[in-house]
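See below for the structure under consideration.
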Amino acid sequence: MAPKKLVDAHCHLETFKPAQLEALPKDIIPVTSGYSHHSNWKTLEIAQKLNVPFCMGIAPQTVLKEGTKHLDSWMQFIAESNPNAVGEVGLDYHWGTTKEDYEAEESVFREMVELARTMDKPLVIHSRKAESRVLDILEEVAWKKPFMMHFFAGGLDEAARAVDMGGIISVVGLPSKKRKKVVSEIPLEKLVVETDAPYVTRNIDGVHQSIEYVSRITGIPTKEVGEVTAKNAAGFFGFKL
């Protein structure tokens with residue numbers, strides 16, 4: 001019997017060197033994610049070459065850095081590329097600090113939500129210091145499809161609200177009091193694990209750290225955590241393990 005595969009629900013393979021891509025662990029399925037037009041283009045290329053699931057979106061950091069002059073063509077490229085999900089998209093109140101920043105980020109986030117609705121795709125959400133506002137907007141626009149709170153760093157109330165709205169919570173292996181509380185209270189069936197490689201861990205094998213972190217907190221064996229979170233991710237992104 002073939003070994004069970006794990007899933008890294010969020011990483012950035014477009015930043016990896018060719019040798020790193022060739023050396024990726026065979027027992028881990030990476031979901032690679034774009035966040036700008038340039039990274040989306042590279043993400044598509046790598047996903048097709050490696051035959052791995054992928055996401056494409058315009059993240060709030062990109063909005064602040066590059067503006068929105070070419071947003072329509074960026075969105076058209078996403079639509080034509082048929083990713084597994086639209087993302088990463090959302091709000092970032094760490095890099096965004098002014099009223100104008102917030103308005104620009106929110107305007108593009110709403111555009112991304114409507115794009116995902118048109119494409120009938122789930123959302124992968126970046127919500128740095130903006131979890132409640134992201135959920136407010138999803139409620140305002142009556143978003144009914146699944147969504148994933150990538151690298152979730154909010155509190156238990158926000159996590160529970162997201163799950164009640166049809167969301168799943170993506171966990172990195174970085175210990176924190178808030179993350180521990182979320183992992184201990186949110187059902188495993190609503191969790192996935194990620195590395196955000198190369199930004200949190202250098203490679204996707206860091207997903208083992210995330211799995212072990214969830215296991216330590218919940219008391220659930222690592223094998224079961226790996227299997228359930230992989231199943232959750234495959235169901236969310238629409239691929240077979």
> What does the convex hull of the Cα atoms of the range 95-201 come to per residue, in Å³, rounded to a whole number?
Replying inline: 111 Å³
>> Can you compute the charge dipole magnitude of the range 187-241 about its Cα centre, using +1 on each Lys and Arg Cβ and -1 on each Asp and Glu Cβ, nothing else charged? Give it in debye, rounded to the nearest 20.
In response: 80 debye
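Express the relative contact order of the chain as a whole percentage, based on alpha carbon pairs under 8 Å and six or more residues apart in sequence.
20 percent
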> Taking the range 11-127, how much of its Cα-Cα pair set, in percent, is spaced more than 18 angstrom apart?
Replying inline: 48 percent
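How do the peptides 208-219, 94-105, 177-188 rank, highest first, by the average count of neighbouring beta carbon atoms within 10 Å per residue?
Final packing ranking: 208-219, 177-188, 94-105.
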> Taking 1 over the mean of 1/r across every pair of different Cα atoms in the range 146-220, what Kirkwood radius in Å do you get?
Replying inline: 12.2 Å
> What is the distance in Å between the Cα centres of the range 22-74 and the range 91-158?
Replying inline: 18 Å
> Quick one: R202, R128, fewest Cβ neighbours within 10 Å first, how do they rank?
Replying inline: R202, R128
> Say the cut-off is 23 Å between C-alpha atoms; which of K42/K144; K121/K190; K144/K223 go over it?
Replying inline: K42/K144; K144/K223
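The numbers here are math on the coordinates, done by the rules we state, and not lab data. Quick caveat: nothing in here was measured; it's all calculated off a predicted structure. Note that each Cβ is placed from the backbone with ideal geometry, even for glycine, and that neighbours are counted across all protein chains shown.
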